[in-house]
1. Can you tell me how many residues within the range 32-74 are out of contact with any Leu (no Cβ under 7 Å at 6 or more places or on another chain) and assigned to a helix (DSSP H, G or I)?
2. Lys4: without any contact (Cβ under 8 Å) to a residue 12 or more places away in the chain, farther than 14 Å from Gly111 by Cα and assigned to a helix (DSSP H, G or I), yes or no?
3. Determine which member of the set Phe313, Phe294 is over 26 Å from Glu391 (Cβ atoms) and surrounded by 13 or more Cβ atoms within 10 Å (Cβ to Cβ).
4. Filter the range 88-115 for residues that are of a type in the set (Val, Ile, Thr) and either under 26 Å from Glu6 (Cβ atoms) or assigned to a loop (DSSP other than H, G, I, E, B) (or both) and give the result.
5. Check the range 49-59 and report whether any residue there is touching a Cys at 6+ places or on another chain (Cβ under 8 Å), assigned by TED's automatic domain parsing to the domain that holds Asn105 and crowded, with 17+ Cβ neighbours inside 10 Å.
6. Hey, any hits in the range 331-341 for a residue that's touching a residue at least 12 places away in the same chain (Cβ under 8 Å), part of a helix (DSSP H, G or I) and touching a Ser or Thr at 6+ places or on another chain (Cβ under 7 Å)?
7. What number goes with the only condition from (1) over 16 Å from Lys370 (Cα atoms); (2) in a helix (DSSP H, G or I); (3) modelled with pLDDT of 85 or more that Asn305 does not pass?
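The values are calculated or read from the model by the stated rules, or taken from the named source; none is laboratory data. Everything quoted here is computed from the prediction, not taken from an experiment. Cβ: placed from backbone, ideal geometry, glycine included. Neighbour counts: every protein chain shown.
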Amino acid sequence: MINKNEFQRLEELKRYNVLFTPPEPEYDEIVKLASHICEAPISLITLIDKDIQWFKANIGLNDDSTKREDAFCSHTILDEEIMIVQDAIKDERFKDNPLVLNEPNIRFYAGVPLTTPKGFNLGSLCVIDRKPRELNDMQIETLKVLGKQVINLMTLKISHDNLKDANNNILSISEELLRINDVNNKLLSIIAHDIKSPLASISTTLDMFSDGELDKEEMEEIGKSLKEKINSTSIFLDNLLNWATSQFNSEKSNFTEFNLYESVNRVVTNWGYMFKNKNNDVENLLDKNTKVFFDNNLIKFVVRNILLNANKFTDNGNIKIIYNPVSNQLKIIDNGCGMKEETRKNLFNWEARVSTPGTQGESGSGLGLKVCYDMLKQNNADLTVESKVGEGSEFTIHLPSKK
């Protein structure tokens, strides 16, 4: 006894998402009312799944399901009208049914199909008695009305769930738009302050030279400062680009196994002139065969930012780079001027972002370390710092567990 549209019917039943849900008073009240009006000891709201008949609401039975092959309601869903069995023991379809011969000893059955707006019968609202009998016209009509009420409740629940999902999606989109707007505001703030200022200074100097206000010797002297501003702005723009990318891109980086010593050494070599200008000795103390599984470009980006930060706040000092293979931690330690506890605690906090001059008055945006922190976090890594004024700082890159 399978409907030709059984697959679609089961899909519709699944869509209603009511199978095996907890009892709900709205449905319990309907079976109580049906039982009272029809003067029947048993009333059920049934849902017919592939192999079982499950009771959404139940009065008069101890079980919460039966086999589908034994269910009277399996016959009910094959038609659009109410199905009435006045005496099951005399009905060829049910006289040998286990539910007739044994508990609950069904004799009388009346069930209306629960028909969805798409025309699929999901189950039935039925009343059952242990003795042969009939229903009067009023009871039949009431049972039909209550059956429609059951499907209305189920359809309302779908609408409510869909509305809830739509509302959650709207809230999620709204939060994302607010976040993007916040990012845009931060970008505009950065561009207005941290880029416009050095560019204006460079432009003014070039205008003065063009107008003859500066001679060649003065220009050469100022040129050193301009070169520093250009380098600083270039680093800043790179940090800004990486930060903006991290804010709009939720995808993970490209993890591969690579030689960490070589990557660190490349950064140290590329920026060696800046360390030399401040007479700082940078020591790469990693084993030359050290390999890690992470994003190589991200590591070089983070190491560069931390090294340049250490160089900024260190004069005639020492910067060491060490790696602990057991904890998978990369440390960069300097013996520079260090930082106050309040500064350390807010180092990765955007709202507390400040630009602190270096030991030789070097400028900065306060953005680089924040970018490093965010990007490491996005890739299951971390960045922490310990520091004491007058003793120096220790930055630790906590790489994720090895593959």
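1. 8
2. no
3. Phe294
4. Correct list: Val100, Ile106, Val112, Thr115.
5. Yes, there is a match, as at least one residue in the range 49-59 is touching a Cys at 6+ places or on another chain (Cβ under 8 Å), assigned by TED's automatic domain parsing to the domain that holds Asn105 and crowded, with 17+ Cβ neighbours inside 10 Å.
6. No.
7. Condition (1) is where Asn305 drops out.
Results for (1) more than 49 Å from the chain's Cα centre (by Cα); (2) touching a residue at least 24 places away in the same chain (Cβ under 8 Å); (3) buried (at least 18 other Cβ atoms within 10 Å of the Cβ); (4) not in a strand (DSSP E or B), shown as yes or no for each residue.
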residue	(1), (2), (3), (4)
Lys131	yes, yes, no, yes
Glu134	yes, yes, no, yes
Ile158	no, yes, no, yes
Ala166	no, no, no, yes
Ile170	no, no, no, yes
